[in-house]
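Just so it is clear, none of the values below were taken in a lab; they were calculated from the coordinates. Everything quoted here is computed from the prediction, not taken from an experiment. Cβ coordinates were reconstructed from backbone atoms using ideal geometry, including for glycine residues, and neighbour counts include every protein chain displayed.
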Amino acid sequence: MSYAAAVNVMLAVHEKKTTAVDLYRPLRNYIAYTFSEHDAQVADDDLQTIRQLRLNLEKPSPSSLDLRRDLLISYFRAIAAVEPRFPISPDRSHVHSLTFTWFDAFRSNKKAALPSIHLEKAAVLFNLGAVYSQIALAADPTSAAGLKQACNGFQSAAGAFAFLKDHAAPKAVAAGATVDLSVECAVMLEKLMLAQSQECFFEKVIGDAKPPGLCSKVARQVGVYYEEAYAALNASPLNQHFDRTWISHVQLKAAQFYAEACYRYSLELHEKEEIAEEIARLRIGISALVDAKKSAKGVAQPLLDAANKLETNMNHNLERSVKENDRVYLMRIPAASSLAALPAASLAKPIPLGEVLNASKEKFFSNLVPDSSTKALSKYTDMVDNIIRTQLEKLQQGSEITRVKLKEMDLPDSILALEGNLSLPLDLTEDVEAVQISGGPSGLETEIQQLRDLRRVNQELLVQAEELLQKEANADAQFRNQFGTRWTRPQSSTLTKNLQDRLNRFAANLKQAADSDSRIDREVRGNGELMAILDSRPIESALPSLARPIMSLDGNEDAIVGALKQSLRQLENLGEQRAGLEDMLKEMKRKDDILPKLMASTGSQEDLFKKEIAKYDQICEEIAQNIEAQEQVLLQLQSKNDDFAAMFNLEDFKVAREKSYKQIAAAVAKYREIKENINEGLKFYVTLQDALTNVKQQCSDFIMTRSIQCRELIEDVQRQIAGLNFATDGKTGYNYPSGGQLNHSRTDAQQAEPQTTPPPHPPPTYQHIPAEQPGPGYLQPYPSTGQPDHQRNTQQPEPQSTPPPPHHQPSYHRLPAEQPRPGYL
């Protein structure tokens, strides 16, 4: 017990003493056995830290009480992290080699030595409260700052003992702790610290010269706290545990501040000239003080001096008031039993230490999570997920109801239509935009002209190829007539049959394609009026508008529109609020990690879950209020929209608008049909052009080969003729033509030969082209019903084929020279 040399004497509590204990080795062995050696190595730093904290705790209190307080707080957080991970008990599967020993703070000959973490935690909390009381007692109460420090210190001490009472004392006593760690002792110490804190407040109001009535209330509460502490000291198990001086001190303090309250209250009564009650209050206070002094033995002298001084002041005022009443007021003194209880005003409260002692933010052994904690966390997560899922469904359902209701009421489209802000459905808007980007109906004529140009190019290629073959056939017929049987090479018609057949098929395809082009052209002209709407920019300009009524009986159109807009704004605000609530829910779920709290919790998991789940209550209430408010707004909106529809003839507008939507959709469908046929035509002509170019090249190659053969055959024929002439005129019986004749014959042959200049390199041998299928036409434009009236030939023009193997190629060799025969001219 310590005393402060001040006007009023106060008490502080000494710390409990302990013996040395090594936490490192038992805890490390448990980690290695239960988890793994690797986990034990990872936790080594944490184990060393806890070991050092316990060693510092075992040393005598340092000169700085603040450092001692911080040490106790740090060590309590550390062992709070130990408790859920390391079961300490005699059980062989637990940490069984640890024993904590603590001596009773009020009876040093009594101690408890137990393998219980609950004893360790309760003892640390007790010492924390003791240190707070010593910090308060060390403050200078004669200064304002010192008085405030003392007040806060006693309130913190009360908070520590309250935390001990609620969270550690029951389990410690159940394990076998000493009386100083019992719930009853913690309650008594909490009330004692509150009484001394309230006493500091009393000194302050007296020093600030506050009214007597307020001073009386504060003093009475001081007395109440002391009375509660005195009652606890006189009850089991504390009545045989504490020194008599403690009980006498608390008893005298309780009487002193009851008398102080009577004294201050009598001053207020004297000012009001309520002399009779003043006399009664003074007599009651003096009587209580005298009785307490009689039984108070061993109390500090300063406390007795203060009580005596108060008694003197009260007797002086009592004599004065009795004289005044006897001479002036002559009032009847009321009985003590008839007086009301003195009012009290509590200014001192225990400072909560839950956050200070919260170990959830500590990183001790964060890698070690027991299975029980994992299962508990999973259970809590399921509870949170259920809340989140339910609330999100409510939010989404609310938004969906709004969307459906607004669509049914055609809002806000009808308001926008009234203001000229018309719009198409999103899918139809996208279709129209695609049409306009591709050129629109006005661009179809350009594409049709491309079809015409490609058809003309293909026709020219076909004619050119046919003319090449025909020219070669005419030249071959001329030489055949000139040389007769000596002209032995095959006729052109037998060699060009396949080429000619292909050209005939291409000609038929071109004719069929021309018919399809004509149909497309007719489709464009026939549906021009339908598709013209697609060239409107913006397309919304083609929609009907919602006009105000021509005549109005009451002229309240603006009021109806304004009320409707206001309801829509309210609905929009509620929607934005729901979006914010949804984001808030998801963010709360993301940040909701209770594992550290779960590992640091010493109470019931269900209580922890209930407390943590409660943080979702507010947002759930906000969601419910939002949904309820939306229902009311929708009801108002429906009523106002009915008035709006009746005023502006909304049904006729809807019919006209739907008709425009269908017209635009039909125009888009027809445009796509025509566009698809045009694209198919362009694709057909490009493919056919490649095929015709290939065939034309084959024709050119064929003619080049035939020209070379023609020249060689003419030379052979001329040599034959020259040989006959030599056999007729020579000595050997052969006739030779004259130089002029020979030259003439050669000249005639050269003149008859087509003037084809041979290339500088040997020309390619003509390859016989396999028969090909005719090239395709392309799909005809569909009629307005959406089905094609006919299709073009689906065969594709045959591309230039890969040359067949050499043994398949017809070769045209030089004919052997005939031997001259006598007499052949």
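Quick notes on this one:
- Long-range amide H partners of K16 with built H, under 5 Å: N127
- Charge sum, other residues only, whose C-beta stays under 14 Å from Q301's C-beta, Lys/Arg counted +1 and Asp/Glu -1: +2
- Summed side-chain charge close to K110 - residues other than K110 whose Cβ falls under 12 Å, Lys, Arg +1, Asp, Glu -1: +2
- By average C-beta atoms within 10 angstrom, highest first, the peptides 716-722, 142-148, 123-129: 123-129, 716-722, 142-148
- The HN-Hα couplings worked out from phi for the stretch 248-257 by the Karplus form 6.51 cos²θ - 1.76 cosθ + 1.60 (θ = phi - 60°) are 4, 4, 5, 4, 5, 4, 4, 5, 4, 7 Hz, whole numbers, x standing for Gly and Pro.
- Entries of K375/K597; K148/K171; K394/K610 with Cα pairs more than 24 Å apart: K148/K171
- Highest average first, the peptides 167-174, 75-82 ordered by how many other beta carbon atoms sit within 10 Å of their residues are 75-82, 167-174.
- Relative packing of peptides 109-115, 339-345 - highest average C-beta neighbours within 10 Å first: 109-115, 339-345
- Within the shell defined by Cβ-Cβ distances under 10 Å, the residues around K16 carry a net charge of -1, with Lys and Arg each +1 and Asp and Glu each -1.
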